[in-house]
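Peer 1: Below you'll find the structure I mean.
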Amino acid sequence: MSDSAITYTLYVQADPDRVWQALTEPALTRRYWGVSFETDWAVGSRMVWVEHGARTSDPGQVVLACVPDRLLSYTWHTFTPQWAASAGIDEELRAELARERRTKVTYEIEPVGDTLARLTILHEGFQPGGTLIGMCGRAWPLLASSLKTLLETGAPLPEPGHDTGRGYGGHEAYETHGTGGPADS
């Protein structure tokens, strides 16, 4: 992880087509991520994120690249009050995230022999030292592991409980220390 990008590589016992399905088909993304996407996956198409019953739509949420079974890239979602309420994110944290620049995620899928696929996730464009990179740096390993587990066993990892009131997916990385910002630790 650099100060503006997260790279995560994993090997999945599945062919590239099955990994692609896990990244793009709502029935699968909901199982390991709790999110589904409404889009046709054509470059330039808008994406609607559906998470915990909230629909997040914004003209800036678009498909950037799409080569089935090989490459998928899109811009990250907008941090709306509706998204925050559905994800258990308080307004202070949502406002902090909304002030940061929009990021993008790219998935590269490569076959490895006959039975494996290498999935490389690159999430980039973070504000150096920002809140979002800390949250995503904690969330991506769990998310990628749940995708892998779903494809290899048929069931995703159980969703961990959170007692912070800041929601699921790495939000616990955000802590305030009297300044209203992320911890420097």
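Peer 1: Report yes if G60 is crowded, with 17+ Cβ neighbours inside 10 Å, among the small types (G, A, S) and out of contact with any Leu (no Cβ under 7 Å at 6 or more places or on another chain), otherwise no. Explain how you work it out, then say what you get.
Peer 2: Values: crowded, with 17+ Cβ neighbours inside 10 Å: no; among the small types (G, A, S): yes; out of contact with any Leu (no Cβ under 7 Å at 6 or more places or on another chain): yes.
Judged against the criteria, G60 is not a match.
Peer 1: Quick one: would you say D3 is within 26 Å of G129 (Cβ to Cβ), open to solvent by 50 Å² or more (accessible area, probe 1.4 Å), of a type in the set (D, E, K, R) and in contact (Cβ under 8 Å) with a residue 24 or more places away in the chain?
Peer 2: yes
Peer 1: Take D69 and decide whether it is out of contact with any Cys (no Cβ under 8 Å at 6 or more places or on another chain) and modelled with pLDDT of 95 or more.
Peer 2: Values: out of contact with any Cys (no Cβ under 8 Å at 6 or more places or on another chain): yes; modelled with pLDDT of 95 or more: yes.
So D69 passes the test.
Peer 1: Tell me, yes or no, whether the range 98-108 has at least one residue that is touching a Phe, Trp or Tyr at 6+ places or on another chain (Cβ under 6 Å), on the phi < 0 side of the Ramachandran plot, at pLDDT below 95 and open to solvent by less than 30 Å² (accessible area, probe 1.4 Å).
Peer 2: no
Peer 1: When you check H77 against the structure, is it surrounded by 16 or more Cβ atoms within 10 Å (Cβ to Cβ) and assigned to a loop (DSSP other than H, G, I, E, B), yes or no? Lay out the reasoning, then the answer.
Peer 2: On the way: surrounded by 16 or more Cβ atoms within 10 Å (Cβ to Cβ): yes; assigned to a loop (DSSP other than H, G, I, E, B): yes.
So H77 fits the description; yes.
Peer 1: If you don't mind, another one. Does the range 136-145 contain any residue that is open to solvent by 50 Å² or more (accessible area, probe 1.4 Å), modelled with pLDDT of 95 or more, of a type in the set (D, E, K, R) and assigned to a helix (DSSP H, G or I)?
Peer 2: no
The values are calculated or read from the model by the stated rules, or taken from the named source; none is laboratory data. Keep in mind it's a predicted model, so treat the numbers as computed, not measured. Note: ideal-geometry Cβ built from the backbone for every residue, glycine included; neighbour counts use all protein chains shown. With ligands, DNA and RNA removed, areas are computed over all heavy atoms of the protein, side chains included. Shrake-Rupley method; radii C 1.70, N 1.55, O 1.52, S 1.80 Å.
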